[in-house]
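The structure under discussion appears below in the form of structure tokens.
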Amino acid sequence: MRLSPLTRFATILGLLALLALPSFTLAAPPEAPGFETLSAGPLRFHYRSADAGIALALTEQGPRALATIAERTGVSSPRVIDVVLTPTFSEFSAAQPGTPPSWAAGTAYWERGEVYLRTRMPHHGADPIDKVFVHELVHVVLGREFGDREIPRWLNEGAAKLFAGELSPQDHATLVQAALGGGLLPLDEITHRWPRSPGRAHLAYAQSVDFVAFLADQREGALPDLIAHLSSGVDVDSALEQATGSRLSALEDAWRGRMTFWHALMPVIGGSGVTWGFAALVFFAAAWRRRRAFHSKVAEMERREEVVRLRNEVQAQLAALRTPILATGWSQQSTPLPRGYGQTVVFVEPSDSEDSNSD
């Protein structure tokens, strides 16, 4: 059968379109020499022998983590998720379809059901790999549930950090100081986009995890219901109203309003949930020290002024003792004389002075 020129042209365009697709849509998990594989439920771990211990530990943690995520979000993930462990950044970057930033410890591609973890971080302070692992699993699970629908950024990042337990004292301090200083980001600003500056991005992460925890505490099943409504195409305000009874603006006002000193302190006293109370204590202790130092400085200045006043008073009394007659209320008057003569000094009693003035 002979194809018409139009059909041949359409076929060629289709082939070119397939070739133009990003390579990650056709790629598979690494099968390069040196990689081994372990499976645990729907999870498949690909690793080099140097990371066998980490892989084994994650195979024990992974199924439990997926069960917890399913329980708290209402979303299960029975399909296979490939987890690729790489020891160096060069392998970490080369193994995955995208280009990760140099500071990244993990990435997730929900469309492919793949998680990439960097097992050897050169800097200090990175989250343990088990937390990064759970964080990326949440992204895959939510991404599969939402598909092509947009996930609110504060929900996606907040849920990932909350379930991974990634909040640090620095995160707590960032949130507390922003709340008390009036620097919190409006939630509608981090619904569709994410701040570019590191400081604002850090604050956005801290706000997101605390707000997601706040939503989960509104009533039982609030978070799974919210995810179900959003993933079915309901807008953010309507989904929140159906899940919690309130829209985003009202929930945000309530969330901001609870950020008082006592709210920050409660997790330390009793606490479950997002425990940023320790940072609040540190922050308030620092503020108390600054206030105390200020009042001490004021008191020191007042003490010095009092010392100066007393010194002047004593000096005046000593001067009066050196001239006794002046201490009794007498005034001193002098009469200038022609050149060559001395000056005549006369001491005048107050009564005499007043009489003479009256005359």
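The values are calculated or read from the model by the stated rules, or taken from the named source; none is laboratory data. The structure presented is a predicted model; accordingly, all values stated were derived computationally and were not measured. In this analysis, Cβ positions are derived from the backbone assuming ideal geometry, glycine residues included, and neighbour counts consider all displayed protein chains.
Some notes on this structure:
- In region 189-200, residue farthest from the chain's Cα centre (by Cα) [restricted to those that are assigned to a helix (DSSP H, G or I) and either touching a residue at least 12 places away in the same chain (Cβ under 8 Å) or under 14 Å from His172 (Cα atoms) (or both)]: Ile190
- Of all residues making up region 230-251, the number that are of a type in the set (S, T, N, Q) and under 26 Å from the mean Cα position of the chain (by Cα): 3
- Just one residue in the set Gly158, Gly165 is at positive phi and in contact (Cβ under 8 Å) with a residue 12 or more places away in the chain; that residue is Gly165.
- Here Pro224 fulfils each of the conditions (1) over 22 Å from His135 (Cβ atoms); (2) modelled with pLDDT of 95 or more; (3) part of a helix (DSSP H, G or I) apart from (1).
- Pairs, first of a type in the set (S, T, N, Q) in region 241-268, second assigned to a loop (DSSP other than H, G, I, E, B) and modelled with pLDDT of 55 or more, C-beta under 6 Å, six or more apart: Thr244/Gln218
- Any chance Ala243 is under 17 Å from Leu155 (Cα atoms) and small (Gly, Ala, Ser): yes
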